[in-house]
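Visitor: Encoded as structure tokens, here's the structure I'll be asking about.
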Amino acid sequence: MEFDIGKKIKALRKERKLTLQDVATETGFSPALISQIENNNVSPPIATLSKIARFFDVKMSFFFEEGEGATRYEIVRKDERRVVSRVISKDGSGHGYTYETLSYRKLNKKMEPFLLTVNERAKEETLYNHEGEEFLLILEGQAEIILDDERFILEAGDAAYFDSTVKHRLLSKDGSAVQVLAVVTR
């Protein structure tokens, strides 16, 4: 199951009577990339989505919510997860990963949990930053995390917690699959 993130971004933009250029100028992304996202040709990385959410003054969970009712708890079965795939960078190149949201019914969350799967080692190492904090727990495989100018190798069971304003990037250490529990706050 996939989300229609692009449709929600387009609706926010049109509600505010903004052009693609307006959104691009304020977020730092190209109008072409905003258009690709709105048309669901690509899904943005979490850092990009966070910047778009901040610009529109909505919580990142807005893009993953469905239904009307607020609830105090939520159970998401393995086969009910929602996949956000085709993740690309600002310049349009692939990252080699997908993520699944582990909570999409609970409204107004303070954190966003994802199951992140890194399928290959990306050719470029663009670092990202955004508001909030992140917690990463390596479930399977070996990852390399870049935090500012430092690099760390993480193995299954290792965790990292950091301020998301720190420039960061998670990569597969050797190109093989890595599964990560990622929790992001705004």
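FYI, it's all coordinate maths here, none of it is from the lab. Predicted, not measured: the structure shown is a model, and the values here were computed from it. Cβ placement follows ideal geometry from the backbone for every residue including glycine, while neighbour counts extend to all protein chains displayed.
Visitor: Would you mind telling me the antiparallel percentage of the DSSP bridges in the chain, rounded to 5?
Guide: That works out to approximately 95 percent antiparallel.
Visitor: Express the relative contact order of the range 5-185 as a whole percentage, based on alpha carbon pairs under 8 Å and six or more residues apart in sequence.
Guide: On the way: 364 pairs, mean separation 33.5, N = 181.
Taking the mean separation of contacting Cα pairs over the length of the range 5-185, I get 18 percent.
Visitor: Sticking with this one: Could you pull out every residue, at least 5 positions away or on a different chain, whose amide H is within less than 5 Å of the one on Tyr97? Hs are placed 1.01 Å off N in the peptide plane, and Pro or chain starts have none.
Guide: Val87, Asn119
Visitor: Right, here's the next one. Calculate the dipole size of the range 5-185 relative to its Cα centre from +1 charges on Lys and Arg beta carbons and -1 charges on Asp and Glu beta carbons; express the result in debye to the nearest 20.
Guide: 840 debye
Visitor: Using R₀ = 35 Å, calculate the FRET efficiency as 1/(1 + (r/R₀)^6) where r is the Cβ-Cβ separation of Arg151 and Met111; round to 0.05.
Guide: The pair Arg151/Met111 has a calculated efficiency of 0.85.
Visitor: On the Cα set of the range 5-185, report Rg and Dmax in Å, please.
Guide: When restricted to the Cα atoms of the range 5-185, Rg and Dmax are 16.0, 47 Å.
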